[in-house]
There are 2 protein chains.
Amino acid sequence: MANGRSPTMKDVAKTAGVAVSTVSHVVNRSRFVSEEATERVEQAIRQLGFRANRVAQNLRSGRSNLIGFVVSNLYNYFYVRIARGIESVIGKYGYHLTLIDSQERTDLEQENIESLIDRGVDGLILVPTCTTCDHIGKLLSADDRPIVFVDREAIGFQADSVLLSNEEGAYRATKHLIEKGHVDIGFVAFHFGHDEIDMTMQERIEGYRKAHQEAGLPIRKNYIEITAGGSVLVNELRHAESYRMMERLLTTPVSAVLCGNSPASIGVFMCLKDRKVKIPEEIAMITFDDDLWLTMATPSISAVAQPAELLGAAAAERLMQRIQGKPQPYGCIRLKADLIIRDSS
Amino acid sequence: MANGRSPTMKDVAKTAGVAVSTVSHVVNRSRFVSEEATERVEQAIRQLGFRANRVAQNLRSGRSNLIGFVVSNLYNYFYVRIARGIESVIGKYGYHLTLIDSQERTDLEQENIESLIDRGVDGLILVPTCTTCDHIGKLLSADDRPIVFVDREAIGFQADSVLLSNEEGAYRATKHLIEKGHVDIGFVAFHFGHDEIDMTMQERIEGYRKAHQEAGLPIRKNYIEITAGGSVLVNELRHAESYRMMERLLTTPVSAVLCGNSPASIGVFMCLKDRKVKIPEEIAMITFDDDLWLTMATPSISAVAQPAELLGAAAAERLMQRIQGKPQPYGCIRLKADLIIRDSS
DNA sequence: CTGAAAGCGCTAACAA
DNA sequence: TTGTTAGCGCTTTCAG
């Protein structure tokens, strides 16, 4: 701008010789404007390089066309993929996404949600850092913006959620191992709950259990290694911890291991590699959460692959419906995982 | 809210028995308010659960305390790490980050930048999808918000940039290979330029060249495999393309290869694995851009590791300085890479 | 030390 | 078919 400040609707109105409301209606197509006036306004807009001030629009209309996505941890590729899925859907509805990373920190998460609400997002999609604490509940019960949880669900209030069929995924992976002749199958994972094992992991264990039960195989407590602190520990500690869990499993007759999540699989793989345990001959391996390294490793590692983009898309679709005021009961959508068999099982 | 709408400063003023301006000044600590009035206002704020409306603040003050980070491709872990670096710095200054992914698409990038400007961000940090096209220049020359480029620099206008010492990184990696006795060293990469090789890659090649020159080794054209379309091709195609580049190199006497970026290294590694070429005995390997899979692979792969968080932090620091009006000439900061030697070299 | 009041740029009645 | 105008919730000048 020669002037220094960006042109406003007032400026456009003046150069087009119409009222501001006419400009507004041309910009938003919110009421009929004569061919001729429309032309003059559009001409003026081009001439001045006018762009509507979203902040003012937002303040005045109460809508921002903005969706906030608060992610527990963006270092996790899985969540970036979910973000893509969300973006592709809301883009079609004319909404924009703003992504915020909570770095697995509950305090940051709270701040991020508050910040987004203060900034007037029309809806929120959340991967909560913590599924049992209620710091989010407090925030959101004071607010009537629609919320959708994805991948993890914070319990105890009104919202939709889109989750993986955890039980089914674990069931299929375990069944595959059983069909390959394994009868001593270990389970290694972190969980994100503080006291109890979080729901996601409970469901995965349940799938593991069901497959055993169906095959008439017993469940042995010492085959299941679960450590708390999935959200508290930094990556390196998680790897070290899962390394140790695998070491313990190696003292049992286990001939296959199902990793309940990706930090677990990294430690497990490193342990097996260091100990020169042959995969899959001595220990077969399948893990939840697909990742690039699983294909690059030798041998390549089988995975229960989550349809991340689809989870995001489903969450976004649900949110859009609710924003558009389509009434429907709150619910939980479950998406199935893909079992990708590679060389490790 | 029982009422349905959130409380405003007016509400707070009324219950505290003061003027709105007093409330504002208490909230922002922008002028002295008596102990007593402050107390009453704070009491009212707590009682009503008041939170200042950021949108209104933004409209009125012209500042948003928001920094936009437009990333060429969030699937690249490297950029997520940069985002963390940015966040950690601007957070200390009381700013929030909003992250947007352009998915390597120039049109989306443009839209994202426009969207952020329209929403009133106080500054922008960009990883441009394209360093030679000027679609960004047009946008930004019409705007006086400070901009900092990180990792990649769009040429031709006033802005700071924070880049890697590409030449130095390539030089050190090449020198390491030469010291290990290699005299036939290949170079494989993508570049992001349309016609010419983009600057980043030119610099890396220059480092490769310098190391050769210094050792009195000749540069052979057929040892350098570079393909255009780094930003255009999807991942799978890039891997296939670099796979082919490595196949071609295998017809030369090359005994070591430096990968100029991570998509190249994936194809190279897969090719070597498929052909059962022993690393590092038959072909040694170093790649730019550290990634988890490099440590999980057998053998683990050496890397020129970019200090991603530091790049982000430096960019953010620079931006903050400029936003605070500290005058300084535009410039380019170069950060050094770490050479991490693993089993592949 | 505090209050009144003018607007930031836009939307949406209401009026013509 | 279009214009006038009252705010959205806040900041900040000016007056007291």
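Just so it is clear, none of the values below were taken in a lab; they were calculated from the coordinates. Since we're looking at a predicted model, the values are computed, not measured. We place every Cβ from the backbone using ideal geometry, glycine too, and count neighbours over all the protein chains shown.
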*Name the shape class, rounded, prolate or oblate, that the alpha-carbon gyration tensor gives for the protein assembly as shown, where a ≥ b ≥ c are the square roots of its eigenvalues, rounded holds for a/c under 1.5, and otherwise prolate holds if a/b is larger than b/c and oblate otherwise.*
oblate
*chymotrypsin sites (Phe, Trp or Tyr not before Pro) restricted to DSSP loop in the range B:163-271 with at most 12 other C-beta within 10 Å*: none
_Under 5 Å, built H, 5+ apart or other chain: amide partners of B:Leu164_ = B:Asp151, B:Leu335
*Along Cα-to-Cβ, 7 Å out, sits the label point; list in nm, shortest first, how far the one on B:Lys210 is from those in the other copies.*
6.1
*Where a ≥ b ≥ c are the square roots of the eigenvalues of the C-alpha gyration tensor, would you call the range A:166-306 rounded, which needs a/c under 1.5, or, failing that, prolate if a/b is larger than b/c, or oblate?*
rounded
*asked:* Treating the point 7 Å from Cα along Cα-beta-carbon as the label, what are the nm separations from B:Gly17 to the other copies, to one decimal?
replied: 5.9
_Those trypsin sites (Lys or Arg not before Pro) in the range A:1-45 that DSSP places in a loop and that have at most 11 other beta carbons within 10 Å_ = A:Arg5, A:Arg29, A:Arg31
*asked:* With a cap of 10 neighbouring Cβ atoms within 10 Å, and only residues DSSP puts in a loop, list the GluC sites (Glu not before Pro) found in the range A:86-133.
replied: none
*Kirkwood-based Rg to Rh ratio, chain B, C-alpha trace*: 1.13
*log10 I(q)/I(0), Debye, Cα-only the range B:1-72, no solvent, q = 0.12, 0.13 Å⁻¹?*
-0.38, -0.43
*Nm distances between copies for B:Leu310, ranked from closest, using label points 7 Å along Cα→Cβ*: 4.3
*Pop out the ³J(HN,Hα) list for the range B:293-310 in order, Karplus 6.51 cos²θ - 1.76 cosθ + 1.60 with θ = phi - 60°, rounded to Hz; leave Gly and Pro as x.*
4, 5, 8, 8, 5, 10, x, 5, 9, 5, 8, 8, 8, 7, x, 4, 4, 5
*Rounded to the nearest 10 degrees, what's the angle between the helix B:235-249 long axis and the longest principal axis of chain B, both from Cα atoms, 0 to 90?*
30
_chain A: angle of helix A:35-48 to the longest principal axis, Cα-based, in degrees nearest 10_ = 70
*Would you mind giving the mean number of other chain beta-carbons within 10 Å of the Cβ of each residue in B:83-90, as a whole number?*
2
*Cα centre as origin, Lys/Arg/Asp/Glu Cβ charges: the protein assembly as shown dipole, Debye*: 1140
*Check A:Phe187: other-chain or 5+ apart residues with amide H under 5 Å from its amide H, H built from backbone geometry?*
A:Ile224, A:Glu225, A:Leu258
